[in-house]
1. Report the calculated FRET efficiency for N68 and E44 (r = Cβ-Cβ distance, R0 = 45 Å), to the nearest 0.05.
2. Quick one: net charge around S195, please, counting Lys, Arg +1 and Asp, Glu -1 for every other residue with C-beta under 15 Å from its C-beta.
3. Relative contact order for the chain: what percent, with Cα pairs under 8 Å and sequence separation of 6 or more?
4. Please report the carbon-and-sulfur percent of the accessible area for the chain; probe 1.4 Å, protein heavy atoms only, DNA, RNA and ligands left out.
5. List every residue whose amide H lies under 5 Å from the amide H of I12, counting only residues 5 or more places away in sequence or on a different chain, with H placed 1.01 Å from N in the peptide plane.
6. Computed on alpha carbon atoms, what radius of gyration and Dmax characterise region 12-79, expressed in Å?
7. Per 0.36 nm of contour for each residue apart, how much would the distance between A172 and E185 grow if the chain were fully extended, relative to their Cα-Cα spacing?
8. In whole angstrom, how long is each semi-axis of the equivalent ellipsoid of region 32-140, when you take the square root of 5 times every eigenvalue of its Cα gyration tensor and sort them from largest down?
Amino acid sequence: MSLLDESQIRVILLDIEGTTTPIDFVYKTLFPFASRNLESFLREHIQDPEILSLLRELRAQHEVDERNGLQPPSWMDDSEEARLRSSITYGQWLIARDSKCTPLKSLQGKIWQHGFTSGELRGEVFPDVRVAFERWRKQGKTICIYSSGSVLAQQLLFRTTLSGDLTPFLSALFDTHVGAKTEAESYKKIAASLSTAPQHFLFISDAVKEIEAAQSAGMQAVLCERDPGSASFRGQREAIHTFDNLIPD
């Protein structure tokens with residue numbers, strides 16, 4: 001990319017959905033699996049302290065959604081069964097909306113863990129990803145992930161791809177616990193956690209608002225459009241369509 005100062009790049013920070021991984025895998029495989037298995041998972045683990053804590057966080061998010069006029073499904077607290085049913089209905093509503101709320105993402109990761117462990121799910125990445133990881137690692141670059149999906153979900157995805165286990169290439173994984181991906185402060189936190197100045201990062205994502213947030217934090221950033229002909233192509237902004245020519249040898 002002509003606009004990048006490649007000599008400055010020490011850390012490559014990657015989004016997942018639409019960047020390393022096909023969007024269809026997320027929307028047509030992972031989300032339906034989580035929605036389909038949410039009830040059985042909650043019924044099996046409803047007494048686990050961690051799950052109960054996540055459900056309390058979901059209840060708090062429900063109140064926020066109501067205050068914001070989003071009209072979530074009603075929540076009943078008059079019995080344990082009613083509370084459980086409300087959690088399931090609300091969770092499925094959030095999944096259908098592609099909500100980025102942290103307790104939902106944590107729950108999804110735990111549900112997906114069952115699918116990956118059983119072999120029902122396998123991670124998916126574009127064919128150029130492993131080749132790029134190998135190239136960047138040889139160059140001494142640090143490779144990290146920043147996704148709205150939980151760190152657990154990220155680990156599961158990259159560990160089980162048809163290209164093999166890619167987690168040894170990854171030095172750090174970040175999720176929405178550091179903040180929203182559209183806020184510059186999140187990227188500053190990531191840079192600080194790695195003790196590296198923002199200008200030494202290259203952030204790659206398919207979302208313009210995320211690119212702008214990273215740039216506001218002082219990072220270099222590039223838009224990734226895996227489908228050059230898609231309607232989502234963003235105007236005049238320069239984009240890459242593959243990792244093949246990004247920081248070549």
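The values are calculated or read from the model by the stated rules, or taken from the named source; none is laboratory data. These figures come from a predicted structure and were not determined experimentally. No Cβ is skipped: glycine too gets one built from the backbone with ideal geometry, and neighbour counts run over all protein chains shown. Note: accessible area is taken over every heavy atom of the protein model, side chains too, but ligands, DNA and RNA are not part of it. Shrake-Rupley method; radii C 1.70, N 1.55, O 1.52, S 1.80 Å.
1. Step by step, r from the Cβ atoms, then E = 0.90.
2. Here the count lands on +3.
3. So the answer I get is 25 percent.
4. That fraction is 49 percent.
5. Here T142, I143, C144, L202 satisfy the definition.
6. Rg then Dmax for region 12-79, in Å: 15.8, 49.
7. 2.9 nm is the gain from fully extending A172 to E185.
8. Gyration-tensor ellipsoid for region 32-140: 33, 17, 12 Å.
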